[in-house]
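What follows is a single structure, written as structure tokens, with notes after it.
The values are calculated or read from the model by the stated rules, or taken from the named source; none is laboratory data. The structure displayed is predicted, hence computed values, not measured ones. So basically every Cβ, Gly included, is an ideal-geometry build from the backbone, and we count neighbours across all protein chains shown.
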Amino acid sequence: MHTTHLKRFGLSAILSLVLGLLLLAPPAHADSPALSVTASASSVLPGDSVSLTLTFTNVHDTPVQFIYQSVQPTWATTQVPGLSFTLSSSTVGYTAPVAPGDSSTVTLSYQVASDSACGVRIDLYTYLYYEYASGALTDSALQDLPGANVLCAA
């Protein structure tokens, strides 16, 4: 009879451990990234503009309630002598909430000044932060954005 009590205790302990681990696991999400980006051009001339289409996809199984994203030039880009361009906005305004599996898309642009240096490159990066599971969970990432070569007119 002593052995039966130990077996029951062992079985209940294992079941409790498995249940506890399942409850502590974070909500499931897809392996795909939350942000995808496309650029209208990879090479431009001074005076041209480039559009960036940024699509945030909720890869979690609960709605995303809050999204903050900023877009900035890389440090190396800020150090190029004579390079001049203007971002339409340095922050991105997605429509939230975003339901599981749904997406929200915004478009930003940057204009290369007509008197900008040429033969150089513009590189940008983004910081993305968002909250889901009623604000109990967050995620954030730094991501490079497609850049553009500023060509010299022939």
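Selection over segment 125-154 of residues that are over 21 Å from residue 89 (Cβ atoms) and in contact with a Cys (Cβ under 8 Å, 6 or more places away or on another chain) gives a count of 3. Scanning segment 67-87 for residues that are among the polar types (S, T, N, Q) and over 13 Å from residue 121 (Cβ atoms), we see that the one that is surrounded by the most Cβ atoms within 10 Å (Cβ to Cβ) is 69. Screening the candidates 117, 113, 96, 133 for the property of being surrounded by 14 or more Cβ atoms within 10 Å (Cβ to Cβ) and at positive phi yields one hit, 133.
Cβ-Cβ under 7 Å, sequence separation 6+ or interchain: first residue in segment 89-113 and at pLDDT 95 or above and of a type in the set (D, E, K, R), partner buried (at least 16 other Cβ atoms within 10 Å of the Cβ) and not in a strand (DSSP E or B). Which pairs? Qualifying pairs under 7 Å: 102/58. Look at residue 62 and say whether it is touching a residue at least 24 places away in the same chain (Cβ under 8 Å), touching a strand residue (DSSP E or B) at 6+ places or on another chain (Cβ under 7 Å) and closer than 22 Å to residue 40 by Cα. Answer is no for this residue. Would you say residue 127 is in contact (Cβ under 8 Å) with a residue 24 or more places away in the chain, assigned to a loop (DSSP other than H, G, I, E, B), under 18 Å from residue 34 (Cα atoms) and within 21 Å of the chain's Cα centre (by Cα)? No; evaluated as a whole, the condition is false for this residue.
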